[in-house]
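Q: I am attaching a structure below and will ask some questions about it afterwards.
The values are calculated or read from the model by the stated rules, or taken from the named source; none is laboratory data. Worth saying up front: this structure is predicted, and the values here are computed from it rather than measured. So basically every Cβ, Gly included, is an ideal-geometry build from the backbone, and we count neighbours across all protein chains shown.
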Amino acid sequence: MSDIDRFFKLDDKTKDVTFTGDKLQCLIPLRYMDKNQLILGDKIQALGIFTMIINDKIKCGLQIPAVITIDAVKTYQETVDGVQYFVCELHKGNKLLESTMVIKNNMTGYFMWVEFFTLGNMPSYISYANAANLFDDVKEVTGLAFNPNRAILGVIAAHLFRDRKDLSKPYRLTDMKEPPKVVSLRTVAYGPSSTQGKIIGSYAQDGLNGALINQADSTSELEELYRA
């Protein structure tokens, strides 16, 4: 059992998960509402992928690719690092999951891909080291025949995670002492390393701006071929 597991109790009979600590804050991105991944009513329903803070000091994350029902004692909105969150606060005895029996939705995997990778809205508990694990449970929970290759996802994550002070530099090339900045998969200005690669394609204007701001200090073999 990990340090996090001890704060939650799964009841095999009632099929629910109860919080056993003093205070739990679930930071659910408010933008989930736009795609019906956050539904406010008598009960709070939300995609089970969000950051949690236990007893005001332990930061972790829930990673369930399905909409869950939360038994919150208190709710409010809060902005953290420029991101708006709908916060569900639970106290001892409240249920984080009113039921572990979730409804399968094969569109959840698509939403996750767009939200976390295409748009770069990575959950704050996700690090460079575990970003490739985001889709591990998608097939089992949603029923979607999605078999992600961790190596490929790792390559994509290597593109998304950047040096916070210099977005043109991949995070993997830094000493990794400072937290990274995540860019969107659409941000082509930070993709290709050569000038030609940046200005060719559907997002040529963005690439051109990127080439002017972050000029390449060397030419690629393809560029040399074209010049020849």
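Q: Thr14 - would you say it is surrounded by 13 or more Cβ atoms within 10 Å (Cβ to Cβ) and among the polar types (S, T, N, Q)? Before the answer, list the steps.
A: Details: surrounded by 13 or more Cβ atoms within 10 Å (Cβ to Cβ): no; among the polar types (S, T, N, Q): yes.
Answer is no for this residue.
Q: I'm trying to understand the selection: among the residues of the stretch 80-126, which are of a type in the set (Ser, Thr, Tyr) and surrounded by fewer than 17 Cβ atoms within 10 Å (Cβ to Cβ)?
A: Once the filter is applied, which keeps residues that are of a type in the set (Ser, Thr, Tyr) and surrounded by fewer than 17 Cβ atoms within 10 Å (Cβ to Cβ), the stretch 80-126 yields Ser99, Thr100, Tyr110, Thr118.
Q: (1) buried (at least 16 other Cβ atoms within 10 Å of the Cβ); (2) modelled with pLDDT of 90 or more; (3) not hydroxyl-bearing (Ser, Thr, Tyr): which one isn't true of Leu144, the others all being true?
A: (2)
Q: Which condition breaks for Gly109 when tested against (1) out of contact with any strand residue (DSSP E or B) (no Cβ under 6 Å at 6 or more places or on another chain); (2) assigned to a loop (DSSP other than H, G, I, E, B); (3) of a type in the set (Gly, Ala, Ser)?
A: (2)
Q: Separate question: Restricting the first residue to the stretch 34-45 and requiring it to be under 17 Å from Lys104 (Cβ atoms), which pairs with a second residue that is β-branched (Val, Ile, Thr) and surrounded by 11 or more Cβ atoms within 10 Å (Cβ to Cβ) meet a Cβ separation below 6 Å and a spacing of at least six or different chains?
A: Gln45/Ile39; Gln45/Val67; Gln45/Thr69
Q: Being more than 18 Å from Asn94 (Cα to Cα) and either modelled with pLDDT under 95 or of a type outside the set (Lys, Arg) (or both) is the filter here; which residues of the stretch 13-34 pass it?
A: Hits for the stretch 13-34 are Pro29, Leu30, Tyr32, Met33, Asp34.
Q: Can you tell me which residue in the stretch 17-59 is farthest from Val141 (Cα to Cα), limited to those that are surrounded by 14 or more Cβ atoms within 10 Å (Cβ to Cβ) and small (Gly, Ala, Ser)?
A: So, considering only residues that are surrounded by 14 or more Cβ atoms within 10 Å (Cβ to Cβ) and small (Gly, Ala, Ser), the one farthest from Val141 (Cα to Cα) is Gly21.
Q: Oh, and also: Could you list, in sequence order, the residues of the stretch 70-79 that are within 29 Å of Val182 (Cα to Cα) and surrounded by fewer than 19 Cβ atoms within 10 Å (Cβ to Cβ)?
A: Thr75, Tyr76, Gln77, Glu78, Thr79
Q: Can you name every residue in the stretch 60-89 that is assigned to a strand (DSSP E or B), more than 30 Å from Lys139 (Cβ to Cβ) and among the β-branched types (Val, Ile, Thr)?
A: If we filter the stretch 60-89 for residues that are assigned to a strand (DSSP E or B), which is where we start, we get 60-70, 74-80, 83-89.
So of that shortlist, the ones also more than 30 Å from Lys139 (Cβ to Cβ) come out as 74-80, 84, 87, 89.
If the condition is that a residue be assigned to a strand (DSSP E or B), more than 30 Å from Lys139 (Cβ to Cβ) and among the β-branched types (Val, Ile, Thr), then Thr75, Thr79, Val80, Val87 are the ones that fit.
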